[in-house]
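Contents: one structure, followed by commentary.
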Amino acid sequence: MSANLPIISVDGVSKRFSGPYSLLGRLRGKPPIAVHALNEVSLEVYRGETLGIVGESGCGKSTLARCLVRLQEPDAGAIRFEGKDIGMLRAAERRAFNRRVQMIFQDPYGSLNPRMTVRQILGEALSVHRMRPKAQIPDRIAELLELVRLPQDAAGRYPHEFSGGQRQRIGIARALAVEPDVIVADELVSALDVSVQAQVVNLLLQLQEQLHLTVIFVAHDLRLVRHISHRVAVMYLGQVMEISPANALFTAPRHPYSKALLDAAPELDPTRRNRTVAARGELPSPLNLPPGCPFASRCPHVFDRCRVERPILTPRGKGQRAACHLTDFGAAQAEEKQIS
C-alpha cells in the first residue's frame, strides 16, 4: 500500500481561529488572540486504507477533518488530492472534488434536514451532482437504502422518525449517493449507544471492501480505532506526534504521548485496569504554545532539548514515524514484538 502515491497528502497545514478581542485590548494595541488548532500537520492517506486519527479532545482532529473536505480553509500549508492542491481547485474541478471526498458528521440528526424525507435527502444529492437521470433516481434511492440495511419504506419518513443508529445510516447513504473515493468519518459513532456502535462500524467496513473506499476515521475511542484502522496518526495540541501501522502503535508506541494515551485507555477486564496516571502536568494553552515539544510539560522523559527545539516526524522502525528527540523510545518493545 505504501508503495503507491497517496490519494491525499497533507503538507505543513496550520489553522488558527480568532479568540475574544476586547475593546481594552484594542485600545492598548495588543495583538488579537488566536487559538492554534493545527500546527504544521503533515501526513499521507493511501488509496484503499483506513487511516485512524486519534487524540484527546481539542487536539485538532475535527479541524483537520474539516480542512480535508474544504469546510474550512487552512491558513498555511497545502492539502493535495491526487497530487493537486485542493485550495487551487476552481469550478468543475472543485465540484468533482466535493463529490469524490465526502464527510459523515458526528451528529446524525443535526446533519440531516428535518424538513426533508429520506427520499428527498438522497434525491437531492443525486440530482445536484447529476449522478443519475431523473427517471432512474427512485431506483438508485432503493439501492442506497438496501446498501445501508434500511427498509424500503424508510424513503418516505423524516429523520426524527429514526433512531440514532438509523440516522447515521442515512448519513452514510447520503455520502455514498455521489459515489465518492474517500470518506471522512468524524466521530462517526460517538453519539450512539455502545450496542449500536459495532453495527455501524461493521457496516462501514463492509462498504469499504465492497465499494473500494478510502476512509479517514476520526475518533477518540482507541479500541475502535485499532479495530478499524490500517494506520493511525496520533495528534496532540494541533500536531501529529506519531504515525504508525495500527498493530505496531498498540504494541510498541514510539512516542511518550502515544504510550500515555494507551495507558489511559480503559480496560474492559477489571483485573487489568491500570490506576496509574498516564500523563502528569498541565496541558499547555493553545492560545500560547510553548517552544520546543508541545508534550514537554507532561512528558516523564523530558530533557533540556525538548523545551527549546521542536521535534519533527522521523522514521522509527518499519512504517513508524514519531516526533520525539528520544529516537530509541519504544525500540525495545518493537524489537521484542518482531522476535515473537
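The values are calculated or read from the model by the stated rules, or taken from the named source; none is laboratory data. Remember, it's a predicted structure, so these values are computed and weren't measured experimentally. Cβ sites come from the backbone with ideal geometry, for glycine too, and all protein chains shown count toward neighbours.
Only residues that are surrounded by fewer than 19 Cβ atoms within 10 Å (Cβ to Cβ) and touching a residue at least 40 places away in the same chain (Cβ under 8 Å) were counted across region 227-243, and they come to 1. Residues that are under 22 Å from ALA323 (Cα atoms) and at pLDDT 95 or above number at least 2 in the following strands (runs of 3 or more DSSP E) confined to region 1-106: 8-18, 34-45, 50-54, 76-81. The set of residues in region 220-250 that are in a helix (DSSP H, G or I), assigned by TED's automatic domain parsing to the domain that holds LEU204 and not hydrophobic (A, V, I, L, M, F, W, C) comprises ARG223, ARG226, HIS227. Take GLY171 and decide whether it is over 28 Å from GLU82 (Cα atoms) and either small (Gly, Ala, Ser) or free of Cβ contacts under 8 Å to residues at least 40 places away in the same chain (or both). For GLY171, the condition - over 28 Å from GLU82 (Cα atoms) and either small (Gly, Ala, Ser) or free of Cβ contacts under 8 Å to residues at least 40 places away in the same chain (or both) - is not met. When region 316-331 is examined, which residues are found to be within 17 Å of GLY12 (Cα to Cα) and either surrounded by fewer than 20 Cβ atoms within 10 Å (Cβ to Cβ) or not basic (Lys, Arg) (or both)? Residues satisfying the conditions are ALA322, ALA323.
Answer yes or no as to whether VAL200 is touching a strand residue (DSSP E or B) at 6+ places or on another chain (Cβ under 7 Å), farther than 17 Å from ARG47 by Cβ and buried (at least 17 other Cβ atoms within 10 Å of the Cβ).
Working: touching a strand residue (DSSP E or B) at 6+ places or on another chain (Cβ under 7 Å): no; farther than 17 Å from ARG47 by Cβ: yes; buried (at least 17 other Cβ atoms within 10 Å of the Cβ): yes.
Against the criterion (touching a strand residue (DSSP E or B) at 6+ places or on another chain (Cβ under 7 Å), farther than 17 Å from ARG47 by Cβ and buried (at least 17 other Cβ atoms within 10 Å of the Cβ)), VAL200 does not qualify.
In this structure, is VAL218 at pLDDT 90 or above, under 13 Å from the mean Cα position of the chain (by Cα) and over 22 Å from LYS318 (Cβ atoms)? Working first, answer last.
Numbers: at pLDDT 90 or above: yes; under 13 Å from the mean Cα position of the chain (by Cα): yes; over 22 Å from LYS318 (Cβ atoms): yes.
Yes: the conditions hold for VAL218.
The residue that is modelled with the highest pLDDT, counting only those in region 299-331 that are part of a loop (DSSP other than H, G, I, E, B) and among the polar types (S, T, N, Q), is GLN320.
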